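Bear in mind these aren't lab numbers, they're just calculated from the coordinates by the rules spelled out. Quick caveat, the model's predicted, so the values are computed rather than measured. Heads up, the Cβs are rebuilt from the backbone with ideal geometry, glycines too, and the neighbour counts pull from every protein chain shown.
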Amino acid sequence: MSHKIDDWKKSVTGEPFALLHDHSKLPHTSGHPDDTTLEEQQQILGLTPKLKEMYHRYHIYYHVHHYRGADDLSVGFHIEEAIYARMYYGYGLAGSQYDRDVITEQIETRLKQISEDPIIIVHMTATPDVLARRMAELKDSSEHTYSPVKESDFPTILERFKEGVARSTIGPKIHVDTSTASPDETLAEIVEGLQPYLTDFDRERIEAHGS
């Protein structure tokens, strides 16, 4: 869906997003400088919880500064990282030194300092049975190697994402249930939801590209 949003942006403004960031899930890191190999992913998973926490905290803060530009598209990012850290990797726990509730609040404070543009959260959901089917279909794709997620975890994960999005204060939120919609239908719903939050700069680029 991030690629569809990127294609849509290019079609209406003539410019894609400068970068797509979809590497907030351990052990996947892409484009820094290249995709992690399976061997490197095993090495990351072999780190202690302390080192995993450090690795991802630095990783998240590095990506915060991409929001200095007019456009950025990040998938999951700090909300996703906080959920999986606590559920699967043994760090960021409540009351710990780097409690992810505290870190998440600090990250969002910094985001609001960096960017004057609205930072829009697109919260995409699906029912557990649909998620199970999609996970089965994608189990052999490289992006899903070493995923710790189990089908039995889906209700908990869905609830924690709902809570994380509800707590977020960085900007507007668009909620999209993808359970029965096609990717193109989902994109249309997202695009409609974005309309009230387009900036004057966004609209100027759209008008200039269409003229």
Packing rank of 70-83, 44-57, where each peptide gets the mean count of other beta carbons within 10 Å, highest leading
70-83, 44-57
Compare 30, 179, 96 in a GNM of the chain, Cα atoms joined below 10 Å, and give the one with the largest fluctuation.
96
Sequence-distant or interchain residues sharing an amide H contact under 5 Å with residue 122, placed H: which?
174
Per the C-alpha gyration tensor (a ≥ b ≥ c, the square roots of its eigenvalues), the stretch 94-200 is rounded if a/c is under 1.5, else prolate if a/b beats b/c, else oblate; here it's oblate
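Of the peptides 97-107, 144-154, how do they stack up when ordered by the mean number of other Cβ atoms within 10 Å, highest first?
Working: 97-107: 16.9, 144-154: 13.5.
So the peptides 97-107, 144-154, ranked by packing, come out 97-107, 144-154.
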Among 178, 194, 94 the positive-end extreme of the charge dipole of the chain (Cβ point charges)
94
For the stretch 1-104, the spread of Cα positions along each principal axis, largest first, Å
45, 32, 21
Extent along principal axes [Cα atoms of the stretch 2-210; Å; largest to smallest]:
52, 38, 33
The summed charge of the residue 137 Cβ neighbourhood (under 14 Å; Lys/Arg +1, Asp/Glu -1) stands at -1
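Hey, what's the Cα Rg ratio for the stretch 93-141 versus the globular rule of thumb, 2.2 N^0.38 Å?
On the way: Rg = 17.0 Å, N = 49, 2.2 N^0.38 = 9.7 Å.
Against the empirical 2.2 N^0.38 Å value, I get 1.76 for the stretch 93-141.
When the Kirkwood radius is taken over all Cα pairs of the stretch 133-179, what Stokes-Einstein diffusion coefficient follows at 20 °C and 1.002 mPa s, in µm²/s? Walk me through the numbers before you get to the answer.
Details: Rh = 12.9 Å.
My calculation gives 166 µm²/s for D.
Just how many pairs of Lys in the stretch 2-210 have C-alpha atoms closer than 17 Å, counting pairs that are eight or more places apart or on different chains? Walk me through the intermediate numbers first.
Numbers: 25/50; 25/52; 25/139; 25/150; 112/173; 139/150; 162/173.
Summing the qualifying lysine pairs gives 7.
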Enumerate the amide H contacts of residue 98 below 5 Å, restricted to partners 5 or more residues apart or on another chain; note that Pro and chain-start residues carry no placed amide H.
92
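Just want the ordering: 37, 178, from fewest to most Cβ atoms lying within 10 Å of their own Cβ. Walk me through the intermediate numbers first.
Numbers: 37 9, 178 19.
Arranged by neighbour count, lowest to highest, 37, 178 become 37, 178.
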